[in-house]
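*Asks:* Sending over a structure as structure tokens; questions will come in a sec.
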Amino acid sequence: MNVKVEIGKKIKLLRKKKKLTREAFCEDEAELTVRQLLRIESGQSLPSLPKIQFISKQLNVPISHLIDEEYSILPHRYIEIKNSIIKTSIYGERDRIQSLEASFDELFSDYYDNLPEDEQLFVDLQQAKMDIHFNADDLFWRSIIEDYIAQLFVKKLYNENDLILIEVYLHYRFDKEYLPEKIYPLIETAIEQINFYLDSDALLLLRILICAMSLFETHKDYTLFEICLRTANFIMTKHQDYKKKPIVLMLEGKFILFSKKDSEAGIKMYQSGSTFARMIDDEFLAKKIEEELQQDLEKVKLL
């Protein structure tokens, strides 16, 4: 029995019995979009547990009427790989890239086809980040952004995939038109919800803040830079996770160097970043920060 097809048929039948169009069923599409419902009903994707909860509410039937109890249990090995991917930053280093590629190979070969839609989306978004990093064909991840980004502007609380999508969207904007009117609301809403996040989600927010500060600095737009910086430091202190501290220090150095026009204080921040990287045994990152400092000092001379 194909679980995706059976669940999809059941949902479609019950929806039609209630004489609801897909548009009426999905309401404002904050929880479920019409496209997502279409994929679920056609058996192309498994709904995640939150979507099943929404669907059962709309159909006025118990969740057990739609799925079996064991449906929501994810394989332990899948969760291990997922957590490893979330925590990995490659910085262009070959060994880290190869390790991440091996993780994706395992996910796609052993787990992807049987994952709920939200977990498949997680894998797709992480793959999209890799594609963007290496300037791969953007048709795949552009379609992901178009499918899901509109939901973020109506959602009141972001989940794990929403946070990853924001990061992907920010990466996407590096090589596209700079649109602060779209970027600001996403960042502000994500920061406002900081007290509601699980530990893993807070670390995803940290990645967003780092990406946002990099994008802001590229365009010399410092409107939200300081609140991003304060929030990033708050997250690292609260969770006692300082793996991103070197990058945050470097970004603060850029802010001081280019916005505050204080070369001496700015240089000290870069140096603190490279020193901290060595303290956590990341020589590759330390050298990258030192190279970045030299490049930025050349830019300052041209100003």
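*Asks:* Extending each Cα 7 Å along its Cβ direction at F174 and V61, get the distance between those two points in nm, one decimal.
*Replies:* Between F174 and V61, the simple spin-label model gives 4.6 nm.
*Asks:* Near K10, which lysines are there with a Cα under 20 Å away, not counting those fewer than 8 places off in the same chain?
*Replies:* Partners found: K18, K19, K51, K57.
*Asks:* Using a Förster radius of 22 Å, what is the FRET efficiency between K220 and H133 based on their Cβ-Cβ separation? Nearest 0.05, please.
*Replies:* Details: r = 23 Å, r/R0 = 1.05.
FRET efficiency, K220 to H133: 0.45.
*Asks:* Viscosity 1.306 mPa s, temperature 10 °C: give me the Stokes-Einstein translational D for the chain in µm²/s, with Rh taken as the Kirkwood radius over C-alpha pairs. Show your work: numbers first, answer last.
*Replies:* On the way: Rh = 21.1 Å.
Estimated via Stokes-Einstein, D reaches 75 µm²/s.
*Asks:* Counting helices only, and only those DSSP H runs with n ≥ 4, report the 222 nm mean residue ellipticity of the chain as the sum of -39,500 (n - 2.57) divided by its residues, in deg cm²/dmol to the nearest 500.
*Replies:* For the chain, the value works out to -22000 deg cm²/dmol.
*Asks:* Starting from a Cα-only point model with no solvent, please compute log10 I(q)/I(0) by Debye for segment 3-71 at q = 0.14 1/Å.
*Replies:* Each listed q corresponds, in turn, to -0.34.
*Asks:* Contour minus end-to-end for R35 and T275, with contour as 0.36 nm per residue of separation and end-to-end as the Cα-Cα distance? Intermediate results must be reported in sequence, preceding the final value.
*Replies:* On the way: separation 240, 0.36 × 240 = 86.40 nm, distance 4.86 nm.
The R35-T275 span can extend by a further 81.5 nm.
*Asks:* Another question about this same structure. Under a point spin-label approximation (7 Å from Cα along Cα-to-Cβ), what is the Y184-K19 distance to one decimal in nm?
*Replies:* If labels sit at Y184 and K19, their model points lie 4.7 nm apart.
*Asks:* If each residue of separation counts as 0.36 nm, what is the full-extension length gain between L74 and S89 once their alpha-carbon separation is subtracted?
*Replies:* That works out to 3.0 nm of additional length.
*Asks:* Can you work out D for segment 166-303 in µm² s⁻¹ from Stokes-Einstein, where Rh is the Kirkwood radius over C-alpha pairs, the temperature is 10 °C and the viscosity is 1.306 mPa s?
*Replies:* 103 µm²/s
*Asks:* Using the beta-carbon distance between N159 and Y242 and R0 = 30 Å, what value does 1/(1 + (r/R0)^6) give for FRET efficiency, to the nearest 0.05?
*Replies:* 0.70
*Asks:* So how much slack lies between E298 and D110, counting 0.36 nm per residue of separation and subtracting their Cα-Cα distance, in nm?
*Replies:* Extending this stretch completely gives an extra 62.8 nm.
*Asks:* So what are the ³J(HN,Hα) numbers for segment 159-175, from phi and the Karplus equation (6.51, -1.76, 1.60; θ = phi - 60°), rounded to whole Hz, Gly and Pro as x?
*Replies:* 9, 4, 5, 4, 5, 5, 4, 4, 4, 4, 4, 5, 4, 4, 6, 4, 9
*Asks:* What translational diffusion coefficient, to the nearest whole µm²/s, does segment 32-134 have by Stokes-Einstein, given a Kirkwood radius computed over alpha-carbon pairs, a temperature of 25 °C and 0.890 mPa s viscosity?
*Replies:* 161 µm²/s
*Asks:* Can you spot the aspartates and glutamates whose alpha carbon is less than 16 Å from K299's alpha carbon? Ignore those fewer than 8 places along the same chain.
*Replies:* Output for K299: E217, D262, E264, E290, E291.
Just so you know, all these numbers are worked out from the coordinates, no wet-lab data involved. All values reported here derive from a predicted model rather than from experimental measurement. Note that each Cβ is placed from the backbone with ideal geometry, even for glycine, and that neighbours are counted across all protein chains shown.
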